[in-house]
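In what follows, a single structure is set out as structure tokens and then discussed.
All of the numbers you see were taken from the coordinates with simple rules; none came from a lab. In this text the structure is predicted, and so the values were computed from the model without any measurement. Reconstructed Cβ throughout: ideal geometry from the backbone, glycine too, with neighbour counts over all protein chains shown.
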Amino acid sequence: MDRGEGLMSEKTLCIIKPDAVKNNFVDQINKMIESKGLSILKSKKTNISSEIAKQFYAEHSEKPFFNELVDFITSGPAVVQILEGDSCITSYRSLMGATNPEEAEEGTIRKKFAESISKNAVHGSDSPESADREIEIMSALF
């Protein structure tokens, strides 16, 4: 990884979830991402299989909302993307906003486009380790 000038170029996984795809928010979300100086390296509109979704959400497999997560992410087409940029994970998570759109700051993706806590428009990796794991799982879709 490039460590010049104190900034670190890194990658993260972005999923524009079925609710935002259905509501035709993909282009607007991507404009917001690119306006933050992040690059979209790969992008594919696809139906995420139940098998991939269960692997993706494995850390939540013992939680009561696990099946709801899997059912929702597989409920329609999603746009799976790999983003890259300086401090990409932090920048993208800041742009996404709080999981609960009612608590999200103005100007964030979730404030503008999310319907609810469960239909929250987008996913982004929360750490470099998660990004590596999630990109590996979703790379089968590209």
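Annotations for the structure displayed:
- For the chain, adding -39500 (n - 2.57) for each run of n ≥ 4 DSSP H residues and dividing by the number of residues yields -10500 deg cm²/dmol at 222 nm.
- Pair-distance profile P(r), taking every C-alpha pair of the stretch 19-142, with 10 angstrom steps and integer %: 13, 45, 39, 3
- Sorted peptide list for 8-21, 30-43, 120-133, criterion being average Cβ within 10 angstrom, highest first: 8-21, 120-133, 30-43
- Within the straight-line cut-off of under 15 Å between alpha carbons, the aspartates and glutamates reachable from K22 are E115, sequence neighbours fewer than 8 places apart in one chain being disregarded.
- Residue-by-residue Karplus 3J(HN,Hα) for the stretch 68-78, coefficients 6.51, -1.76, 1.60, Hz, glycine and proline x: 5, 4, 5, 4, 5, 5, 9, 6, x, x, 10
- ³J(HN,Hα), Karplus 6.51/-1.76/1.60, whole Hz, each residue of the stretch 80-88, x for Gly, Pro: 9, 9, 10, 9, 9, x, 5, 6, 4
- Farthest toward positive dipole pole in the chain [+1 Lys/Arg, -1 Asp/Glu at C-beta], among A121, A131, A98: A121
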